[in-house]
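The values are calculated or read from the model by the stated rules, or taken from the named source; none is laboratory data. It should be emphasised that the depicted structure is a prediction, and the values quoted were computed from it without experimental measurement. Here Cβ is always computed from backbone atoms with ideal geometry, including for glycine, and neighbour counts include all displayed protein chains.
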């Protein structure tokens, strides 16, 4: 059952589709990301239960 507010206002029609033109884009040169963090060996150090959190 629709709510009172839904009956008072018809649903909004979808808006126009906005397409981006190549000339509207910013031309940024970014350095390649450093992904070496993901290649590092994984070490698991469980928390020490004798240390307060």
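Taking the stated definitions as given, is residue 52 under 28 Å from the mean Cα position of the chain (by Cα), modelled with pLDDT under 80 and in a loop (DSSP other than H, G, I, E, B)? Let's see the steps before the verdict.
On the way: under 28 Å from the mean Cα position of the chain (by Cα): no; modelled with pLDDT under 80: yes; in a loop (DSSP other than H, G, I, E, B): yes.
In short, no.
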Check: List pairs: first in segment 24-40 and surrounded by fewer than 10 Cβ atoms within 10 Å (Cβ to Cβ), second modelled with pLDDT under 85, Cβ under 8 Å, 6+ apart or cross-chain?
Finding: none
